[in-house]
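**Student:** Below is a structure I'd like to ask you about.
The values are calculated or read from the model by the stated rules, or taken from the named source; none is laboratory data. Owing to the predicted nature of the structure, the values given are computational and were not obtained by experimental measurement. Methodologically, a virtual Cβ is constructed for each residue, glycine included, from the backbone with ideal geometry; neighbour enumeration extends over all protein chains shown. These area figures cover heavy atoms from the full protein model, side chains too; ligands, DNA and RNA do not enter into them. Shrake-Rupley method; radii C 1.70, N 1.55, O 1.52, S 1.80 Å.
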Amino acid sequence: MKKTISVILSLIIVLMMEMSALPVAATEYYPDLLETVFEDGTAYNFTTGSDIEPEKDIVTVWDETAQAYFLRTSKADPTNYLVSKEATDALARMILVQKLQEPDLDLSFAWEFMVRLPEMPETMTFGSGYFASGGFTFCADANYGYFLVQSATSDADAQNLYLQFPMEANKWYHCFLIYDDFEQQFYAYVNGARIKAKDSNNDYVSVNPFRLSYLWHHGLQIGGSNIEYKRVDLSQDIAICNIYSQIVPETDVLEIYESAAVQWGMIDKPVSTPTAKPTQAPTEAPTEVPTEIPTESATEAPDATESITESAEPADPTAAPKKDGGSNTVVVIAIIAAVLVIGGGIAAGIIFTKKK
């Protein structure tokens with residue numbers, strides 16, 4: 001009986017080792033504080049499964065390209081936006097409680113959202129965000145989109161800092177605003193490219209200190225304006241609004257952007273095309289073409305095979321379709337053989353145990 005158990009355990013270990021070699025997702029970073037999901041006239045935080053508070057019945061629009069809903073807000077309907085307090089509450093608890101107990105606690109985070117403006121405002125206007133005497137927000141003017149953050153110890157010495165990017169009406173922009181707590185810096189990516197500060201050539205702004213003074217009171221406005229105004233001042237479409245409780249590395253930012261951009265039609269879907277045939281003939285190709293081509297010549301072409309092998313040019317990918325199939329067959333046979341061997345071992349163990 002002990003041998004039977006030993007064999008079974010060995011089989012389980014082998015299978016677990018095979019499972020660990022399976023490929024994982026392109027990015028493992030998850031918006032663990034807020035993942036906004038829009039549906040027909042509703043929105044909720046997928047992270048917690050609870051509704052996000054609307055000021056009134058919201059307007060969501062179905063996008064045929066993305067096969068998904070997005071939020072539509074308008075100055076003509078200034079109360080049509082959402083407020084999420086869950087993500088802000090989580091950040092506030094870390095700031096007010098855990099940071100006091102753990103001075104080295106990493107409070108880095110990332111804000112991902114995707115926005116489209118039906119028209120550009122004449123002057124700088126507040127969009128979505130946390131901003132109110134501290135915090136951060138998205139803004140826009142006639143030519144640019146901005147991330148506004150504030151560095152201050154009090155309202156009296158508050159300093160507004162901006163990261164900016166060129167922006168046009170009726171185009172989607174996928175944005176990542178990232179706060180590095182250890183460096184006390186904000187930096188951002190728009191459509192996969194890192195952007196620069198408004199008043200310098202730096203690709204970051206330093207905030208020392210950075211205050212999130214209202215996170216536990218008002219919450220993130222999605223499609224709304226400055227949280228002190230509590231209204232829509234900038235008409236905008238919002239397709240994505242997520243909060244991560246950590247820095248998202250650049251490689252993952254690019255993966256996330258490309259996935260969203262393909263879904264929403266910002267870039268074309270990648271097409272898998274076969275390798276083009278070589279334009280130059282093999283250097284040792286036959287000089288004479290037979291006047292009659294046999295009808296069943298697939299197995300009788302030693303000269304052509306030899307010529308391709310000795311040529312410096314890449315082989316036609318369609319010339320040997322059975323090569324990969326043959327190797328796959330060998331692998332399948334090997335796997336079947338291994339299973340039979342293991343199965344035989346189990347059976348032998350069982351029989352041996354019964355005989356004892």
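**Student:** Report the label-to-label distance for Ser74 and Val61 in nanometres (one decimal), using points 7 Å from each Cα along the Cα→Cβ vector.
**Tutor:** With each label placed 7 Å out from Cα toward Cβ, I get 0.9 nm.
**Student:** Let me ask something else. Considering the zone a paramagnetic label at Ala142 would reach in this model (a point 7 Å from Cα along the Cα-to-Cβ line), which residues of segment 233-247 have amide N under 19 Å from it?
**Tutor:** Inside the label zone: 234-235.
**Student:** Also: Accessible area of Tyr30, 1.4 Å probe, to the nearest 10 Å²?
**Tutor:** 100 Å²
**Student:** Sorted from largest down, what three extents in whole angstroms do the Cα atoms of segment 129-190 have along their principal axes?
**Tutor:** Principal-axis extents of segment 129-190 (Cα, largest first): 38, 24, 16 Å.
**Student:** Could you tell me the accessible area of Trp62 in Å² (1.4 Å probe, neighbours in place), rounded to the nearest ten?
**Tutor:** 100 Å²
**Student:** Now, a different point. Which order do the peptides 109-120, 91-102 come out in when sorted by mean C-beta neighbours inside 10 angstrom, highest first?
**Tutor:** 109-120, 91-102
**Student:** On to the next question. May I ask you to compute the full-extension gain from Asp51 to Asp157, defined as 0.36 nm times their residue separation minus their alpha-carbon distance, rounded to one decimal in nm?
**Tutor:** 34.5 nm
**Student:** To continue, here is another question. Going by average Cβ neighbours within 10 Å, how do the peptides 31-38, 191-198 rank, with the highest at the top?
**Tutor:** 31-38, 191-198
**Student:** Now for a different question. Determine by what factor the alpha-carbon radius of gyration of segment 101-206 differs from 2.2 N^0.38 Å, reporting the quotient.
**Tutor:** Dividing the Cα Rg of segment 101-206 by 2.2 N^0.38 Å gives 1.09.
**Student:** Next question. Can you tell me the length gained on complete extension of the stretch Met124 to Ser200, counting 0.36 nm per residue apart and subtracting the Cα distance?
**Tutor:** 25.5 nm
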